[in-house]
């Protein structure tokens, strides 16, 4: 056992170490409690965000769907009106031409 030295801890040494570790144990327990609280709050927040976000997104999607349907209706009505305007314009042009032709024919027969 040449130059080796053994350290022997006495009961009093172990008691002193135990006393020194008590505040550390208390701090660790407090941290565990705080972590549990934080985990619960984070979980509750996640659930709330998921539920509220899902609900709000559903509402937005429904409203968007309604708006798209309304816009389709407006666009269809607008397109139908434009088609009618074009037809009326074409018919007006034809009627004017026919009126000129009739007037011309009346002039020739008179």
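The values are calculated or read from the model by the stated rules, or taken from the named source; none is laboratory data. As the structure is a prediction and not an experimental result, all values here were calculated from the model. Every residue, glycine among them, receives a Cβ derived from its backbone with ideal geometry; neighbour counts consider all protein chains shown.
Of the conditions (1) exposed (fewer than 10 other Cβ atoms within 10 Å of the Cβ); (2) at pLDDT below 90, residue 49 satisfies every one except a single condition; which number is it?
(1)
Output the qualifying pairs, or none if there are none: Cβ atoms under 7 angstrom, residues six or more apart or on different chains, first residue in the stretch 27-38 and in contact (Cβ under 8 Å) with a residue 24 or more places away in the chain, second residue surrounded by 10 or more Cβ atoms within 10 Å (Cβ to Cβ).
none
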